[in-house]
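What follows is a single structure, written as structure tokens, with notes after it.
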Amino acid sequence: MVRFQLILIGLACGLLLSAGRVGGQPPHRSEGSRPNDHPHPSDGSRGNDPFFEAMREVHRDSSNRELFDLLRDPNVRQEIHLSEADSKQLEANGREAFEAIRAVRKANQDLATSKEELKQQIRAALDPLEAKSFEILQKPEVDFQRLLGIYAQARGYRALLNDEVAQVIGLQGAALDDFRKFRSDNWRAIMDDTRRSIEKEIRNTPPGSSPREAISSLFRRAEEALDKKLASQLTEEQRAALEQLKGVKFDLQPQPFSFPPGRRRGHADHSDSR
């Protein structure tokens with residue numbers, strides 16, 4: 001597997017998903033929301049927009065997108081010795097990636113291009129920019145291992161869905177595929193129960209009150225339950241390797257994976273079906 005595969009795809013698509021408009025079309029509100037109906041220029045009728053569906057899936061399929069979420073925190077950049085010049089270059093790469101995907105959108109706005117074809121075009125547009133960002137993270141002075149460790153602290157055993165973290169602890173090949181399937185199956189089951197609890201919480205919330213904190217607590221419990229299940233799939237040696245990777249505790253800002261940082265928008269795990 002290519003090292004750091006799809007990191008920049010996550011960055012660029014994350015930028016697009018958080019933007020208010022691209023080519024006059026609003027993106028989906030979150031990964032957890034159901035696709036909205038948008039008129040597609042190729043048929044003139046209302047329906048799911050293949051471009052945003054393709055963009056959303058490319059973003060979702062990137063196991064590395066949250067690593068770049070962490071790099072929005074200046075303290076993380078300092079911790080891994082990412083220079084100001086390199087930070088600016090990563091930002092420039094992100095802007096260039098944004099424009100590259102806009103170009104894909106524009107080139108296909110009058111065509112009946114399938115979602116799979118669009119996904120291929122998006123990935124192809126990002127390949128050279130992806131390579132530029134890989135070069136930065138592979139510099140000797142950049143502590144990429146520390147970035148993985150901070151990510152492992154933030155995500156626990158769910159961090160093993162990231163290819164690089166999984167490789168560090170020796171979870172690869174068919175074993176990694178099985179781990180991901182186990183995660184996906186169990187997360188769906190956990191979320192089915194959680195949704196029922198959320199519905200009950202909303203029904204029982206007195207008028208004038210907000211169930212937000214209670215719902216956030218339910219999501220945290222769901223994620224903790226998933227983490228325990230994932231831990232059961234690892235050997236003692238793999239669990240020890242993950243703890244070693246975490247390293248010295250790092251104080252992350254609240255909601256490091258939100259956009260903008262610090263703003264709660266729900267974790268990707270809430271609906272990610274990978």
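Just checking: which of the helices (runs of 4 or more DSSP H) contained wholly in segment 1-108 hold 1 or more residues that are at pLDDT below 50?
Helices (runs of 4 or more DSSP H) meeting the threshold: 7-18.
Could you tell me whether segment 239-258 includes any residue that is at pLDDT below 90 and among the aromatic types (Phe, Trp, Tyr)?
Scanning segment 239-258 turns up at least one residue that is at pLDDT below 90 and among the aromatic types (Phe, Trp, Tyr).
Check off (1) surrounded by fewer than 13 Cβ atoms within 10 Å (Cβ to Cβ); (2) within 24 Å of PRO50 (Cα to Cα); (3) not small (Gly, Ala, Ser) for LEU129 and give me the number that stays unchecked.
(1)
Table: residues versus (1) touching a residue at least 60 places away in the same chain (Cβ under 8 Å); (2) outside any helix (DSSP H, G or I); (3) of a type in the set (Lys, Arg).
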position: ARG146; (1), (2), (3): yes, no, yes
position: SER184; (1), (2), (3): yes, no, no
position: GLU199; (1), (2), (3): no, no, no
position: GLN244; (1), (2), (3): no, no, no
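Only one of LEU171, LEU176 is at pLDDT 90 or above, surrounded by 11 or more Cβ atoms within 10 Å (Cβ to Cβ) and not in a helix (DSSP H, G or I); which?
LEU171
Which condition from (1) surrounded by 12 or more Cβ atoms within 10 Å (Cβ to Cβ); (2) in a helix (DSSP H, G or I) is the one that VAL142 breaks?
The number of the failed condition is (2).
The values are calculated or read from the model by the stated rules, or taken from the named source; none is laboratory data. All values derive from a computational prediction rather than experimental measurement. Cβ atoms come from the backbone with ideal geometry, glycine included; neighbour counts cover every protein chain shown.
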